[in-house]
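Trainee: I'd like to ask some things about the structure below.
Only the coordinates and a few stated rules stand behind these numbers; no lab work does. These numbers come from a predicted model, not from an experiment. All Cβ positions, even for glycine, are placed from backbone atoms using ideal geometry, and neighbour counts span all protein chains on display.
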Amino acid sequence: MISVFKNFYDRPVSLNIKELNIFYKDLSVFIETNPTMKLKDFPNSIVKKYSKPDVKKALSQLYNHKCAYCEQKTDLTIEHYRPKTKYSWLSLEWSNMLPVCYNCSRNRTDKFLIKGKEINMAQIQFVDNSLIANMPIFKNEQPLLLHPEVDSPENHISFDSNGNAVGRTEKGRYTIDVYSLNRDLLIQKRSSIVSTLQDELRELVKDFFQSTFVLNGDYFVSKIGKDFENFYKRLYKLQSPTSEFTSLYRSIWEKDLIENVSFVDDQEYNNHIYHQLLIWKKIFVLNRNKLIKTKFKSAIVGFELQNFEGIRHISLSEIDASTRWIFLTGENGYGKTSILKAIAVGLVGRQKADDEARFKIDVLSPSTVRYRKSVDDKDYYDINQFIWQNDMYKPYTSLAVYGANRTQMSDNYKNPSEENVLDSIFGEKTELLNVERFLIDTYDRPELKRKFESIVIALKKVVPQLSDIFIDTSRDILEVKYKECTEEGDNFLPVSFNELATGMKAVLAMVGDILCRFMINKPIDDTRDIKGIVIIDEIDIHLHPKWQKALPTLLSDVFPDVQFIASTHSAIPLLGAPKDSVFLKVNRSLAFGVQLERLSWFEENLPNMLPNVNLYI
């Protein structure tokens, strides 16, 4: 069972608004003239208007001719997510229809448990689009049955190496039970798929390791054998939505169900083979996405975001690993902040999202595992691709995230918590870590002099209007002071942080927070050695146009190995973007929710663009 994205507003002809209005009118007349009768007595000839050929065809094509629940390609019938025995008034609702095979339908009957309060038809206003399945009034029922067009089934159901469907959540377990997704025939088919792939891999391992040599703890880390490459290529393609048992193939890939098996009796050597297979799988992915050769060691190279705030489904792939800036632009209220939040939540975990949300963020970063030296290369294998998804999250820790309000500093700079990294963009805590406190605490300490000087240099670079940042020792209490200068180089009197202009405070506080998170309390003395990802909402806020244009380059000069993802209402920051930046326009519609459009034309013509360019045409 996988997520499917149906346009709830683009109905087949047989379910158009005219047909629905006739249906609603007939329903209203029936209720008025038959007040004592139950909805199940509503004339079947009216209810069954949903079973027209164009409806069946549209559903079948949308689901790649597979059952919505067991994913078998077989004869399908139209079933209602909310059963028509209880919800006759949803019989013609496009978002309530699913293609289901005979066996799944027979097992389900009309089971539909909810944890919330059941909807009373009197609560519904029968107007255009009032019955869409993901409307709040329907979601408030809190149904336990998964809806592939509203929920993210991958968050709730996975598979083990024996072909069993495993419920990760209460909704997953209930859905498995209702549709009997562990019935004997299904387990046999899924188990056969897993065991066949395991046998194929065993043969490849046997031929390779016998014909080559025992590696004695060394690994092939710079290339993959042709046979193994073809094997992983085929397995990767089988994860396509057009395949039977797509979700099983995704579990096989993501949970290493075929690599983590017994190849030989010697456990130590078996573990060695397992790690070698994982390396080859990583090399296949890196080669496929053209990421194997890069000097940039921490970057998002693709993402898929589902069911979060106004986002139903957006994805972006083939982002070059050398991309140091990704910009989001679009009208107010179109979803730029929602996308930034989703990426951030996808990197650190699900604590800010509900069970419907699903995030896959592809991150290129140094491997957390250090393998022994390669037999065919002098370098270590130090590139890994992480995919954060559902309950397999491992928080990405080299991350800083900023909302639009970033002019205040707290009293603390030590030990920034990974748990509060999202506070700024969610507006729960807008005070940032205080780099001034670090400068004061480390003032005149020889062992930290290099780090102190590097931080001061970084702060001065990102604020060109400052000629100096120093510790004022003229009073009993040490204080950080800032000396502004004119374009001609004339200095003004020193001032404190709170006396600076709002734009200066916003940049200094944000960059100071980055330094606290990535550099302080870590063995890093130079900002150029910082590696990670920084997300910034409304990077242009409070800044003069000249500074808006300069800031992306200034930040990249200070943090050359940091990837920035930023939203902006202004075209001016885009004009100052470093080479090979990615520009995305955010759109929004009733039918599809928040959507992304890559502005390739802008990327190609960036050197010739002027500040008055219209990005919204």
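Trainee: Sum up the charges of everything whose Cβ sits under 15 Å from the Cβ of Leu493, counting Lys and Arg as +1 and Asp and Glu as -1, but leave Leu493 out.
Mentor: Cβ neighbours under 15 Å give a net charge of -4.
Trainee: Another one. State the label only: which of [x] 0.98; [y] 1.04; [z] 1.13 corresponds to Cα Rg over 2.2 N^0.38 Å computed from the shown model?
Mentor: Answer by label: [z].
Trainee: Mean 1/r over all different Cα pairs, inverted: what Kirkwood radius does the stretch 13-182 give, in Å?
Mentor: 17.0
Trainee: Quick one: order Cys104, Cys485 by neighbouring beta-carbon count within 10 Å, fewest to most.
Mentor: Taking fewest neighbouring Cβ atoms as first place, the list is Cys485, Cys104.
Trainee: Here is a follow-up. Only counting other Cβ atoms within 10 Å, I'd like Asp265, Asp540, Asp525 sorted with the fewest neighbours first.
Mentor: Neighbour counts put them in this order, fewest first: Asp265, Asp525, Asp540.
Trainee: While we're here: With a cut-off of 8 Å between alpha carbons and a minimum separation of six or more residues, what is the relative contact order of the chain in percent?
Mentor: Numbers: 1059 pairs, mean separation 75.8, N = 617.
Normalised by residue count, the contact order of the chain is 12 percent.
Trainee: Compute from the Cα atoms of the stretch 533-596 the Rg and the Dmax, the latter being the longest Cα-Cα distance, and quote both in angstrom.
Mentor: Here Rg and the maximum Cα pair distance are 13.1, 42 Å.
Trainee: Just want the ordering: Ser251, Ser240, from fewest to most Cβ atoms lying within 10 Å of their own Cβ.
Mentor: Result, fewest neighbours first: Ser240, Ser251.
Trainee: Here's another thing I want to ask about it. Phe308's amide H: which non-local residues (gap 5+, or another chain) put their own amide H closer than 5 Å, with H modeled 1.01 Å from N in plane and none for Pro or chain starts?
Mentor: Close amide H contacts, sequence-distant or interchain: none at all.
Trainee: Past 23 Å, Cα to Cα: identify those pairs from Lys352/Lys394; Lys429/Lys461; Lys341/Lys429, in the order given.
Mentor: Table pairs above 23 Å Cα-Cα are Lys429/Lys461.
Trainee: Based on the Cβ-Cβ distance of Asp441 and Thr486, what FRET efficiency does E = 1/(1 + (r/R0)^6) give at R0 = 22 Å, to the nearest 0.05? Numbers along the way, then the final one.
Mentor: Numbers: r = 32 Å, r/R0 = 1.47.
Step by step, r from the Cβ atoms, then E = 0.10.
Trainee: While we're here: Quick check on my link table: of Lys66/Lys115; Lys282/Lys522; Lys233/Lys360; Lys117/Lys139; Lys111/Lys189, which ones sit more than 18 Å apart, alpha carbon to alpha carbon? Can you show the working numbers first?
Mentor: Details: Lys66/Lys115 29 Å; Lys282/Lys522 29 Å; Lys233/Lys360 20 Å; Lys117/Lys139 10 Å; Lys111/Lys189 26 Å.
In this structure, Lys66/Lys115; Lys282/Lys522; Lys233/Lys360; Lys111/Lys189 exceed 18 Å between Cα atoms.
Trainee: Can you grab the distance from the C-alpha centre of the stretch 297-327 to the C-alpha centre of the stretch 136-153, Å, no decimals?
Mentor: 26
Trainee: When only C-alpha pairs under 8 Å and at least 6 residues apart count, what is the relative contact order of the stretch 432-529, in percent?
Mentor: 33
Trainee: Once amide H atoms are built 1.01 Å from N in the peptide plane, which residues 5 or more positions from Val480, or in another chain, come under 5 Å H to H?
Mentor: Asp472
Trainee: Check Glu244: other-chain or 5+ apart residues with amide H under 5 Å from its amide H, H built from backbone geometry?
Mentor: HN-HN under 5 Å from Glu244: empty list.
Trainee: With the crude spin-label approximation of a point 7 Å out along Cα→Cβ, what separation in nm comes out for Asn405 versus Thr85?
Mentor: 5.2
Trainee: Out of the stretch 56-112, which trypsin sites (Lys or Arg not before Pro) are coil in DSSP terms and have no more than 11 other C-beta atoms within 10 Å?
Mentor: Sites meeting the loop and neighbour criteria: none at all.
Trainee: So what are the ³J(HN,Hα) numbers for the stretch 530-543, from phi and the Karplus equation (6.51, -1.76, 1.60; θ = phi - 60°), rounded to whole Hz, Gly and Pro as x?
Mentor: Those phi angles translate into 6, 10, x, 10, 10, 10, 10, 8, 6, 5, 7, 4, 6, 9 Hz.
Trainee: I want the antiparallel fraction of DSSP beta bridges within the chain, as a percent rounded to 5.
Mentor: Among the beta bridges of the chain, antiparallel pairing accounts for roughly 65 percent.
Trainee: Before rounding to the nearest 500, sum -39500 (n - 2.57) across all DSSP H runs of length at least 4 in the chain and divide by the residue total; then give [θ] at 222 nm in deg cm²/dmol.
Mentor: Calculated from helices alone, the mean residue ellipticity at 222 nm is -10000 deg cm²/dmol.
Trainee: At q = 0.16 Å⁻¹, what base-10 log of I(q)/I(0) does the Debye formula yield for the stretch 140-198 when every alpha carbon is treated as an equal point scatterer in vacuo?
Mentor: Each listed q maps to, in turn, -0.52.
Trainee: So how tilted is helix 53-62 from the main axis of the chain? Cα-based, degrees 0 to 90, rounded to 10.
Mentor: Around 40 degrees separate the two axes.
Trainee: Using only Cα atoms and rounding to the nearest 10 degrees, what angle (0 to 90) does helix 226-237 make with the longest principal axis of the chain?
Mentor: With both axes taken from Cα atoms, the answer is about 60 degrees.
Trainee: Compute the long axis of helix 502-518 from its Cα atoms, compare it with the longest principal axis of the Cα atoms of the chain, and write down the angle in degrees, 0 to 90, nearest 10.
Mentor: Tilt relative to the chain: about 80 degrees.
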